Amino acid sequence: MSIAPPHGAATFELPPYKSLDNETLSRRIEAVRAKMGSELLILGHHYQQDEVIAHSDLRGDSYQLSKMAAESGDCRAIVFCGVHFMAETADILANQPLKLAERDGKRVTVVLPDMAAGCSMADMAEIEQVETAWEELGEWIDTEDITPVTYINSAASLKAFCGRHGGIVCTSSNAAAVLKWAFERKSRVLFFPDQHLGRNTAKAMGISLEQMPVWDPMADEFGGNTPEALKSSKVLLWRGHCSVHQMFTAAHVDLFRKQHPGIKILVHPECPMEVVDKADVRGSTGKIISEVENAPPGTKWAIGTELHLVNRLKHEHPEQEIHFLSPVVCMCATMYRINLAHLCWSLENLAAGTPVNIIRVDDDTSKWSLVALERMLAVK
Ligand code: 13P
Ligand code: SF4
(Lines give C-alpha, C1' and ligand atoms only; values in the text may rest on other atoms or scores of the structure.)
(Ligands and ions follow the chains in the order given, each with its own letter.)
Protein backbone atom coordinates (compact mmCIF):
# COMPACT_ATOMS: atom_id res chain seq x y z
CA MET A 1 0.00 0.00 0.00
CA SER A 2 1.25 3.47 -0.81
CA ILE A 3 1.12 6.11 1.88
CA ALA A 4 0.50 8.79 -0.73
CA PRO A 5 -2.88 8.08 -2.38
CA PRO A 6 -2.25 6.41 -5.80
CA HIS A 7 -4.29 8.86 -7.81
CA GLY A 8 -4.96 11.43 -5.13
CA ALA A 9 -5.35 15.04 -6.07
CA ALA A 10 -2.13 16.94 -5.52
CA THR A 11 -2.18 20.61 -4.73
CA PHE A 12 -0.88 21.53 -8.14
CA GLU A 13 -1.17 25.27 -8.25
CA LEU A 14 -2.00 25.67 -11.91
CA PRO A 15 -1.37 29.37 -11.94
CA PRO A 16 1.38 30.36 -12.35
CA TYR A 17 2.78 27.13 -13.86
CA LYS A 18 0.01 26.54 -16.37
CA SER A 19 0.41 30.00 -17.83
CA LEU A 20 4.17 29.63 -18.41
CA ASP A 21 5.42 28.81 -21.89
CA ASN A 22 7.61 25.76 -22.54
CA GLU A 23 10.75 27.83 -22.96
CA THR A 24 10.36 29.41 -19.51
CA LEU A 25 9.47 26.08 -17.92
CA SER A 26 12.50 24.41 -19.52
CA ARG A 27 14.80 27.16 -18.28
CA ARG A 28 13.46 26.85 -14.73
CA ILE A 29 13.71 23.04 -14.83
CA GLU A 30 17.35 23.28 -15.94
CA ALA A 31 18.03 25.81 -13.16
CA VAL A 32 16.85 23.24 -10.57
CA ARG A 33 18.93 20.51 -12.22
CA ALA A 34 22.02 22.73 -12.07
CA LYS A 35 21.35 23.66 -8.44
CA MET A 36 20.75 20.10 -7.22
CA GLY A 37 23.44 18.47 -9.36
CA SER A 38 24.05 14.79 -8.65
CA GLU A 39 21.60 14.87 -5.73
CA LEU A 40 18.79 14.77 -8.27
CA LEU A 41 18.02 11.95 -10.70
CA ILE A 42 15.27 12.43 -13.27
CA LEU A 43 14.15 9.13 -14.79
CA GLY A 44 12.03 9.06 -17.96
CA HIS A 45 10.09 6.16 -19.45
CA HIS A 46 10.23 5.82 -23.24
CA TYR A 47 6.51 6.74 -23.54
CA GLN A 48 7.06 10.24 -22.16
CA GLN A 49 6.63 13.30 -24.35
CA ASP A 50 9.78 14.57 -26.08
CA GLU A 51 9.90 17.81 -24.10
CA VAL A 52 9.89 15.83 -20.84
CA ILE A 53 12.40 13.24 -22.07
CA ALA A 54 14.74 16.14 -22.94
CA HIS A 55 15.13 16.87 -19.20
CA SER A 56 15.63 13.30 -17.99
CA ASP A 57 19.06 12.12 -16.85
CA LEU A 58 18.31 8.55 -17.83
CA ARG A 59 15.60 6.97 -19.94
CA GLY A 60 14.65 3.37 -20.30
CA ASP A 61 12.05 0.61 -20.35
CA SER A 62 10.50 -0.61 -17.12
CA TYR A 63 13.28 -3.12 -16.44
CA GLN A 64 16.11 -0.68 -17.17
CA LEU A 65 14.47 2.00 -15.01
CA SER A 66 14.10 -0.44 -12.08
CA LYS A 67 17.77 -1.28 -12.31
CA MET A 68 18.69 2.40 -12.43
CA ALA A 69 16.62 3.07 -9.30
CA ALA A 70 18.20 0.07 -7.56
CA GLU A 71 21.69 1.30 -8.44
CA SER A 72 21.05 4.99 -7.72
CA GLY A 73 24.36 6.15 -6.21
CA ASP A 74 24.63 9.46 -4.40
CA CYS A 75 21.28 10.90 -5.44
CA ARG A 76 18.93 12.15 -2.74
CA ALA A 77 15.81 12.50 -4.87
CA ILE A 78 14.34 10.68 -7.84
CA VAL A 79 11.75 12.47 -9.93
CA PHE A 80 10.01 9.77 -11.93
CA CYS A 81 8.60 10.80 -15.28
CA GLY A 82 6.48 7.74 -15.79
CA VAL A 83 3.48 6.26 -14.01
CA HIS A 84 2.62 5.46 -10.41
CA PHE A 85 3.76 1.82 -10.24
CA MET A 86 7.17 2.84 -11.61
CA ALA A 87 7.63 5.46 -8.89
CA GLU A 88 6.56 2.92 -6.25
CA THR A 89 9.14 0.46 -7.59
CA ALA A 90 11.81 3.17 -7.51
CA ASP A 91 10.96 3.95 -3.86
CA ILE A 92 11.19 0.26 -2.90
CA LEU A 93 14.50 -0.32 -4.68
CA ALA A 94 16.22 2.98 -3.89
CA ASN A 95 15.27 2.74 -0.19
CA GLN A 96 15.92 -0.97 0.40
CA PRO A 97 17.67 -1.73 3.72
CA LEU A 98 21.12 -2.18 2.17
CA LYS A 99 20.93 1.20 0.43
CA LEU A 100 19.58 2.92 3.55
CA ALA A 101 22.48 1.54 5.58
CA GLU A 102 24.97 2.87 3.00
CA ARG A 103 23.36 6.31 3.37
CA ASP A 104 23.22 6.28 7.19
CA GLY A 105 19.46 5.82 7.08
CA LYS A 106 18.77 8.77 4.75
CA ARG A 107 15.92 8.03 2.35
CA VAL A 108 15.84 8.95 -1.31
CA THR A 109 12.71 11.05 -1.88
CA VAL A 110 10.75 9.71 -4.85
CA VAL A 111 8.40 12.13 -6.58
CA LEU A 112 5.77 11.56 -9.27
CA PRO A 113 5.12 14.95 -10.92
CA ASP A 114 1.39 14.27 -11.35
CA MET A 115 -0.44 11.85 -9.04
CA ALA A 116 -3.04 11.25 -11.75
CA ALA A 117 -0.39 9.42 -13.80
CA GLY A 118 -1.60 5.91 -13.03
CA CYS A 119 -1.83 2.80 -15.18
CA SER A 120 -5.28 1.44 -16.03
CA MET A 121 -3.83 -2.07 -16.44
CA ALA A 122 -2.30 -2.03 -12.94
CA ASP A 123 -5.69 -0.93 -11.57
CA MET A 124 -7.30 -4.09 -13.02
CA ALA A 125 -5.79 -6.30 -10.31
CA GLU A 126 -6.75 -4.96 -6.90
CA ILE A 127 -5.23 -6.73 -3.93
CA GLU A 128 -8.64 -7.63 -2.43
CA GLN A 129 -9.64 -9.33 -5.70
CA VAL A 130 -6.31 -11.18 -5.76
CA GLU A 131 -6.68 -12.42 -2.17
CA THR A 132 -10.22 -13.65 -2.97
CA ALA A 133 -9.01 -15.40 -6.13
CA TRP A 134 -6.23 -17.13 -4.18
CA GLU A 135 -8.75 -18.44 -1.63
CA GLU A 136 -11.18 -19.62 -4.31
CA LEU A 137 -8.41 -21.34 -6.24
CA GLY A 138 -7.47 -23.18 -3.06
CA GLU A 139 -10.85 -24.93 -3.14
CA TRP A 140 -9.82 -26.84 -6.28
CA ILE A 141 -6.06 -26.78 -6.61
CA ASP A 142 -3.13 -26.73 -4.23
CA THR A 143 -2.01 -23.09 -4.03
CA GLU A 144 1.33 -24.29 -2.63
CA ASP A 145 1.96 -25.51 -6.17
CA ILE A 146 1.24 -22.13 -7.83
CA THR A 147 3.81 -19.38 -8.41
CA PRO A 148 2.14 -15.96 -8.53
CA VAL A 149 3.89 -13.84 -11.16
CA THR A 150 3.08 -10.18 -11.52
CA TYR A 151 4.01 -7.93 -14.37
CA ILE A 152 5.84 -4.88 -13.00
CA ASN A 153 2.77 -2.89 -14.15
CA SER A 154 1.00 -3.58 -10.84
CA ALA A 155 0.52 -1.97 -7.44
CA ALA A 156 3.17 -2.55 -4.77
CA SER A 157 0.56 -4.45 -2.73
CA LEU A 158 0.35 -7.09 -5.49
CA LYS A 159 4.13 -7.31 -5.76
CA ALA A 160 4.17 -7.88 -1.99
CA PHE A 161 1.54 -10.63 -2.35
CA CYS A 162 3.87 -12.34 -4.83
CA GLY A 163 6.82 -11.91 -2.48
CA ARG A 164 4.90 -13.49 0.41
CA HIS A 165 3.74 -16.46 -1.70
CA GLY A 166 7.05 -17.51 -3.28
CA GLY A 167 6.31 -15.42 -6.36
CA ILE A 168 8.15 -12.97 -8.54
CA VAL A 169 7.86 -9.84 -10.68
CA CYS A 170 8.51 -9.75 -14.43
CA THR A 171 8.79 -7.07 -17.09
CA SER A 172 8.13 -7.25 -20.81
CA SER A 173 11.85 -7.87 -21.38
CA ASN A 174 12.27 -10.87 -19.07
CA ALA A 175 8.82 -12.51 -18.92
CA ALA A 176 10.02 -15.75 -20.61
CA ALA A 177 13.01 -16.14 -18.27
CA VAL A 178 10.76 -15.43 -15.28
CA LEU A 179 8.17 -18.03 -16.36
CA LYS A 180 11.00 -20.54 -16.80
CA TRP A 181 12.18 -19.70 -13.26
CA ALA A 182 8.62 -20.23 -11.99
CA PHE A 183 8.18 -23.62 -13.70
CA GLU A 184 11.49 -24.84 -12.29
CA ARG A 185 9.89 -24.47 -8.85
CA LYS A 186 6.14 -25.16 -9.15
CA SER A 187 3.86 -26.67 -11.77
CA ARG A 188 1.43 -23.72 -12.17
CA VAL A 189 1.58 -19.96 -12.59
CA LEU A 190 -1.01 -17.31 -11.78
CA PHE A 191 -0.08 -14.36 -13.99
CA PHE A 192 -1.23 -10.77 -13.25
CA PRO A 193 -2.51 -8.39 -14.54
CA ASP A 194 -1.84 -8.51 -18.32
CA GLN A 195 -3.44 -11.53 -19.93
CA HIS A 196 -1.77 -10.68 -23.26
CA LEU A 197 1.82 -10.62 -21.99
CA GLY A 198 1.11 -13.82 -20.07
CA ARG A 199 -0.51 -15.58 -23.04
CA ASN A 200 2.06 -14.42 -25.61
CA THR A 201 4.96 -15.48 -23.41
CA ALA A 202 3.55 -18.85 -22.33
CA LYS A 203 2.43 -19.70 -25.88
CA ALA A 204 5.96 -19.09 -27.18
CA MET A 205 7.14 -21.59 -24.54
CA GLY A 206 4.83 -24.26 -25.98
CA ILE A 207 1.96 -24.02 -23.50
CA SER A 208 -1.40 -24.57 -25.20
CA LEU A 209 -4.29 -22.12 -24.99
CA GLU A 210 -6.41 -24.83 -23.30
CA GLN A 211 -3.90 -24.83 -20.46
CA MET A 212 -4.29 -21.05 -20.04
CA PRO A 213 -7.77 -20.27 -18.70
CA VAL A 214 -8.56 -16.62 -17.99
CA TRP A 215 -9.45 -15.65 -14.42
CA ASP A 216 -12.12 -12.95 -14.47
CA PRO A 217 -12.18 -11.20 -11.09
CA MET A 218 -15.70 -9.92 -11.82
CA ALA A 219 -17.17 -13.40 -12.40
CA ASP A 220 -19.53 -14.91 -9.82
CA GLU A 221 -17.26 -17.79 -8.87
CA PHE A 222 -13.92 -19.38 -9.75
CA GLY A 223 -13.06 -16.53 -12.07
CA GLY A 224 -15.69 -17.83 -14.52
CA ASN A 225 -13.99 -21.24 -14.85
CA THR A 226 -15.04 -24.82 -14.26
CA PRO A 227 -13.09 -26.79 -11.63
CA GLU A 228 -11.85 -29.06 -14.47
CA ALA A 229 -10.37 -26.09 -16.37
CA LEU A 230 -8.59 -24.94 -13.23
CA LYS A 231 -7.23 -28.41 -12.49
CA SER A 232 -5.81 -28.83 -16.00
CA SER A 233 -4.30 -25.31 -16.13
CA LYS A 234 -0.60 -24.48 -16.43
CA VAL A 235 -0.92 -20.69 -16.54
CA LEU A 236 -3.92 -18.88 -15.11
CA LEU A 237 -4.21 -15.52 -16.81
CA TRP A 238 -5.68 -12.62 -14.88
CA ARG A 239 -8.21 -10.74 -16.98
CA GLY A 240 -6.37 -7.45 -17.43
CA HIS A 241 -5.09 -5.60 -20.45
CA CYS A 242 -3.46 -2.40 -21.64
CA SER A 243 -6.06 -0.15 -23.23
CA VAL A 244 -3.36 1.36 -25.46
CA HIS A 245 -1.94 -1.89 -26.89
CA GLN A 246 -5.35 -3.58 -27.10
CA MET A 247 -6.17 -1.13 -29.94
CA PHE A 248 -3.79 -2.84 -32.38
CA THR A 249 -5.46 -5.57 -34.45
CA ALA A 250 -4.46 -8.38 -36.82
CA ALA A 251 -6.28 -6.47 -39.61
CA HIS A 252 -3.81 -3.58 -39.15
CA VAL A 253 -0.91 -5.99 -39.68
CA ASP A 254 -2.55 -7.45 -42.82
CA LEU A 255 -3.17 -3.98 -44.23
CA PHE A 256 0.45 -2.85 -43.75
CA ARG A 257 1.80 -6.06 -45.28
CA LYS A 258 -0.48 -5.56 -48.31
CA GLN A 259 0.27 -1.87 -48.78
CA HIS A 260 4.02 -2.02 -48.02
CA PRO A 261 5.58 -5.27 -49.27
CA GLY A 262 8.70 -6.16 -47.28
CA ILE A 263 7.63 -4.17 -44.23
CA LYS A 264 8.66 -5.53 -40.81
CA ILE A 265 6.08 -5.60 -38.04
CA LEU A 266 7.53 -4.76 -34.63
CA VAL A 267 5.19 -4.93 -31.62
CA HIS A 268 5.09 -4.79 -27.84
CA PRO A 269 4.00 -8.06 -26.15
CA GLU A 270 1.11 -6.23 -24.44
CA CYS A 271 -0.61 -6.45 -27.87
CA PRO A 272 -3.24 -9.19 -28.33
CA MET A 273 -2.01 -12.66 -29.39
CA GLU A 274 -3.42 -12.34 -32.94
CA VAL A 275 -1.19 -9.30 -33.50
CA VAL A 276 1.93 -10.74 -31.85
CA ASP A 277 1.55 -14.00 -33.81
CA LYS A 278 1.62 -12.05 -37.07
CA ALA A 279 4.55 -9.81 -36.11
CA ASP A 280 8.18 -10.26 -37.17
CA VAL A 281 9.62 -9.06 -33.88
CA ARG A 282 8.15 -8.49 -30.43
CA GLY A 283 9.74 -6.91 -27.40
CA SER A 284 9.84 -4.32 -24.66
CA THR A 285 10.15 -0.64 -25.48
CA GLY A 286 13.93 -1.01 -25.02
CA LYS A 287 14.04 -3.86 -27.52
CA ILE A 288 11.83 -1.95 -30.00
CA ILE A 289 14.33 0.93 -29.90
CA SER A 290 17.41 -1.29 -30.31
CA GLU A 291 15.82 -3.17 -33.24
CA VAL A 292 15.32 0.13 -35.07
CA GLU A 293 18.75 1.49 -34.08
CA ASN A 294 20.46 -1.63 -35.43
CA ALA A 295 18.53 -1.92 -38.70
CA PRO A 296 20.09 -0.86 -42.01
CA PRO A 297 18.95 2.39 -43.69
CA GLY A 298 15.83 1.94 -45.79
CA THR A 299 14.26 -0.64 -43.45
CA LYS A 300 10.47 -0.35 -43.42
CA TRP A 301 8.73 -0.78 -40.06
CA ALA A 302 5.17 -0.72 -38.76
CA ILE A 303 5.44 -0.42 -34.99
CA GLY A 304 2.72 -1.36 -32.51
CA THR A 305 3.35 0.49 -29.29
CA GLU A 306 2.60 3.85 -27.67
CA LEU A 307 2.45 6.78 -30.08
CA HIS A 308 5.05 9.06 -28.48
CA LEU A 309 7.76 6.42 -28.73
CA VAL A 310 6.93 5.64 -32.36
CA ASN A 311 6.95 9.33 -33.27
CA ARG A 312 10.33 9.79 -31.52
CA LEU A 313 11.78 6.85 -33.46
CA LYS A 314 10.45 8.35 -36.71
CA HIS A 315 12.12 11.64 -35.88
CA GLU A 316 15.44 10.10 -34.77
CA HIS A 317 15.67 7.68 -37.71
CA PRO A 318 14.81 9.56 -40.91
CA GLU A 319 16.99 7.01 -42.77
CA GLN A 320 14.31 4.39 -42.12
CA GLU A 321 10.63 4.30 -43.04
CA ILE A 322 8.63 4.09 -39.82
CA HIS A 323 4.85 3.77 -39.60
CA PHE A 324 2.51 3.61 -36.63
CA LEU A 325 0.67 0.27 -36.76
CA SER A 326 -2.83 1.72 -36.43
CA PRO A 327 -5.00 4.28 -38.19
CA VAL A 328 -6.22 5.50 -34.81
CA VAL A 329 -4.26 7.26 -32.08
CA CYS A 330 -3.03 4.83 -29.39
CA MET A 331 -1.62 7.08 -26.73
CA CYS A 332 -1.13 6.44 -23.03
CA ALA A 333 -3.23 9.25 -21.55
CA THR A 334 -1.80 8.75 -18.06
CA MET A 335 1.85 8.88 -19.15
CA TYR A 336 0.86 12.08 -20.96
CA ARG A 337 -0.20 13.65 -17.63
CA ILE A 338 3.48 14.36 -16.97
CA ASN A 339 4.19 17.66 -18.69
CA LEU A 340 6.68 20.47 -18.26
CA ALA A 341 4.38 22.42 -15.92
CA HIS A 342 4.05 19.47 -13.50
CA LEU A 343 7.75 18.68 -13.79
CA CYS A 344 8.77 22.28 -13.07
CA TRP A 345 6.31 22.56 -10.16
CA SER A 346 7.53 19.34 -8.52
CA LEU A 347 11.21 20.18 -9.08
CA GLU A 348 10.98 23.71 -7.69
CA ASN A 349 9.18 22.41 -4.60
CA LEU A 350 11.85 19.74 -4.17
CA ALA A 351 14.66 22.30 -4.44
CA ALA A 352 12.86 24.58 -1.97
CA GLY A 353 12.70 21.76 0.60
CA THR A 354 8.91 21.42 0.33
CA PRO A 355 8.59 18.27 -1.80
CA VAL A 356 5.18 17.44 -3.25
CA ASN A 357 3.70 14.21 -4.63
CA ILE A 358 6.04 11.97 -2.65
CA ILE A 359 5.60 8.27 -3.37
CA ARG A 360 6.31 6.34 -0.19
CA VAL A 361 5.44 2.67 0.03
CA ASP A 362 4.84 1.46 3.60
CA ASP A 363 7.58 -0.65 5.20
CA ASP A 364 5.83 -4.03 5.23
CA THR A 365 4.68 -3.73 1.60
CA SER A 366 8.18 -2.57 0.61
CA LYS A 367 9.79 -5.51 2.38
CA TRP A 368 7.73 -8.14 0.57
CA SER A 369 7.71 -6.35 -2.78
CA LEU A 370 11.49 -6.23 -2.58
CA VAL A 371 11.57 -10.02 -2.15
CA ALA A 372 9.66 -10.44 -5.44
CA LEU A 373 11.69 -7.72 -7.22
CA GLU A 374 15.03 -9.15 -6.10
CA ARG A 375 14.02 -12.57 -7.38
CA MET A 376 13.38 -10.93 -10.75
CA LEU A 377 16.64 -8.97 -10.75
CA ALA A 378 18.53 -12.21 -10.05
CA VAL A 379 16.95 -14.03 -13.04
CA LYS A 380 19.28 -14.13 -16.03
P1 13P B 1 8.27 -1.57 -21.09
O2 13P B 1 8.91 -0.25 -21.11
O3 13P B 1 8.85 -2.42 -20.00
O4 13P B 1 8.32 -2.28 -22.39
O5 13P B 1 6.74 -1.38 -20.68
C6 13P B 1 5.80 -0.75 -21.45
C7 13P B 1 4.72 -0.18 -20.64
O8 13P B 1 3.59 -0.35 -20.89
C9 13P B 1 5.06 0.63 -19.51
O10 13P B 1 3.93 0.91 -18.85
FE1 SF4 C 1 -0.35 1.16 -18.37
FE2 SF4 C 1 -0.68 0.64 -20.99
FE3 SF4 C 1 -0.06 3.11 -20.21
FE4 SF4 C 1 1.76 1.15 -20.04
S5 SF4 C 1 0.86 1.99 -21.91
S6 SF4 C 1 1.29 2.69 -18.47
S7 SF4 C 1 0.44 -0.59 -19.53
S8 SF4 C 1 -1.97 1.97 -19.70
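List, please: which pairs have Cβ atoms under 7 Å, are six or more places apart or on different chains, and start with a residue in region 34-61 that is over 18 Å from Thr109 (Cα atoms) and end with one that is away from ligand 2 (no atom under 16 Å from the Cβ) and open to solvent by 70 Å² or more (accessible area, probe 1.4 Å)?
Matching pairs, first to second residue: Glu51/Asn22.
Would you call Thr299 among the β-branched types (Val, Ile, Thr), closer than 30 Å to Arg76 by Cβ and over 20 Å from the mean Cα position of the chain (by Cα)?
Answer is no for this residue.
May I ask you to list the residues in region 320-346 that are farther than 28 Å from Thr24 by Cβ and open to solvent by less than 80 Å² (accessible area, probe 1.4 Å)?
Selection gives Gln320, Glu321, Ile322, His323, Phe324, Leu325, Ser326, Val328, Cys330.
Anything in region 205-243 that is of a type in the set (Asp, Glu), within 18 Å of Gly138 (Cβ to Cβ) and not in a loop (DSSP other than H, G, I, E, B)? List them, or say none.
Glu228, the sole residue that qualifies.
Yes or no: Tyr63 over 16 Å from Trp345 (Cα atoms), within 16 Å of the chain's Cα centre (by Cα) and modelled with pLDDT of 95 or more?
no
The values are calculated or read from the model by the stated rules, or taken from the named source; none is laboratory data. Computed from a predicted model, the values in this text were never measured in an experiment. Cβ atoms come from the backbone with ideal geometry, glycine included; neighbour counts cover every protein chain shown. These accessible areas exclude ligands, DNA and RNA; they are computed on the full protein's heavy atoms, side chains included. Shrake-Rupley method; radii C 1.70, N 1.55, O 1.52, S 1.80 Å.
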